[in-house]
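Undergrad: Have a look at the structure that comes next, please.
The values are calculated or read from the model by the stated rules, or taken from the named source; none is laboratory data. Computed from a predicted model, the values in this text were never measured in an experiment. With ideal geometry, Cβ positions are generated from the backbone for all residues, glycine too; neighbour counts draw on all protein chains shown. Accessible surface is based on the protein model in full, side chains and every heavy atom, while ligands, DNA and RNA are left aside. Shrake-Rupley method; radii C 1.70, N 1.55, O 1.52, S 1.80 Å.
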Amino acid sequence: MPDKAILEVCLSPALLPLYPVDDKVVVVVDVLRATTTMCVALDQGAEKVIPVETIEECMRYRGKENHILAGERNGRRVEGFDFGNSPFEFMNGVVKGKILVLTTTNGTRAIKLAQDAHQVVAGAFINFSALTRWLISEGRDTLLLCSGWRNKFNLEDTIFAGAVIHHTKEYFLVDSDAAFAAEKLYLNSRRNMMHFVKQSSHYRRLAHLGVVNDVKYCLRPDLTDVVPILKDGALMKADIRRDLEGEFFVLGPLRP
Ligand code: 3SL
């Protein structure tokens, strides 16, 4: 039997230098809200999402045909941008056929940090089953990169990493303290995820901004089968192996 691929967790972007990624798949996780928003934008027909690190970089695309500027700092829409970072802003056809240029405090930064990996994809609860099916079909060493908050550990991305580990570990070799801890966190929280996530600093930040519905949306499982994958600096829909469909679970018990 061939060796299994390794599944690992990096609990903060600050720890990424400890994990060589050039031959790995990196799953960037920013459940609240960047990677959820990326999935929504592509699901809603955006041609691609260009993740950029700074506001200035984003501004360079201003006025370019078909481009939309979006992003936040500390949760608030950047002044002068078309959109912020709420998944709800990208629904109802507004991004169909458009190229979204997105900058966020942590999520797009994590993508840029991981860009030299073999492949970079974006993970969120809303694309959970599609993502995990895709990871299994790739069968490559995989690193789950939690975007955290300004290099600090956060609850929601770690819970998500734990969910991926719990539901895919029979297909991978999982053998690290970080993975063990993330899985335990997921198992402790999965029956009432909203209650658990309410303890997080980012929940408080978003609640203060009046966007608790965003949090609820971001915790809903399996709303799309889009797996955003980085190609030539932009995220687009990965090809999904349809033959694996149906073989897999949905995260029913996670529903808040
Ligand atoms: O940090 C990020 O990348 C954002 O997702 C943060 S926020 O939820 O938009 O505030």
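Undergrad: Using only the Cα atoms of the range 160-246, build the gyration tensor, take square roots of its eigenvalues as a ≥ b ≥ c, and label the shape rounded, prolate or oblate: rounded if a/c is under 1.5, else prolate if a/b is larger than b/c, else oblate.
TA: Verdict is oblate for the range 160-246.
Undergrad: How large is the accessible surface of residue 222 in square angstrom, using a 1.4 angstrom probe and rounding to the nearest 10?
TA: So the heavy atoms of residue 222 present about 40 Å² to solvent.
Undergrad: If you scale each eigenvalue of the Cα gyration tensor by 5 and take the root, what three semi-axes come out for the range 167-214, rounded to whole angstrom and sorted largest first?
TA: Semi-axis lengths for the range 167-214 are 29, 11, 10 Å.
Undergrad: Mind checking which of 118, 178, 107 is farthest towards the positive end of the chain's charge dipole, using Cβ charges of +1 (Lys, Arg) and -1 (Asp, Glu) about the Cα centre?
TA: 107
Undergrad: OK, next. Which percent of the accessible area of the range 5-233 is formed by carbon and sulfur heavy atoms (probe 1.4 angstrom)?
TA: Ligands and nucleic acids excluded, carbon and sulfur reach 46 percent.
Undergrad: Oh, and also: Check residue 145: other-chain or 5+ apart residues with amide H under 5 Å from its amide H, H built from backbone geometry?
TA: The list, which skips near neighbours in sequence, is 10, 27, 28, 29.
Undergrad: Based on DSSP loop calls and a cut-off of at most 13 other Cβ atoms within 10 Å, the longest stretch of the chain free of exposed GluC sites (Glu not before Pro) is what?
TA: 80-169
Undergrad: Which of the listed residues, 219, 240, 144, is farthest toward the dipole's positive end in the chain, when Lys, Arg count +1 and Asp, Glu count -1 at the beta-carbon?
TA: Value: 219.
Undergrad: Rounded to the nearest 20 Debye, what is the dipole magnitude of the chain about its Cα centre when Lys and Arg each give +1 and Asp and Glu each give -1 at the C-beta?
TA: The calculation lands at about 940 debye.
Undergrad: Here is a follow-up. Among DSSP bridges having both ends in the chain, what percentage is antiparallel? Round to the nearest 5.
TA: Bridges in the chain that DSSP calls antiparallel: roughly 25 percent.
Undergrad: If N is the number of residues in the range 1-116, what value comes out of its Cα radius of gyration divided by 2.2 N^0.38 Å?
TA: 1.16
Undergrad: Let me check the size of the range 96-223 from its C-alpha atoms; what are the radius of gyration and Dmax in Å?
TA: When restricted to Cα atoms, the range 96-223 yields Rg and Dmax of 15.0, 43 Å.
Undergrad: Relative contact order for the range 1-125 using alpha-carbon pairs under 8 Å, separation at least 6, rounded to a whole percent?
TA: Contact order relative to length: 40 percent.
Undergrad: Rounded to two decimal places and with Rh computed the Kirkwood way over Cα pairs, what is Rg over Rh for the chain?
TA: Here Rg/Rh amounts to 0.94.
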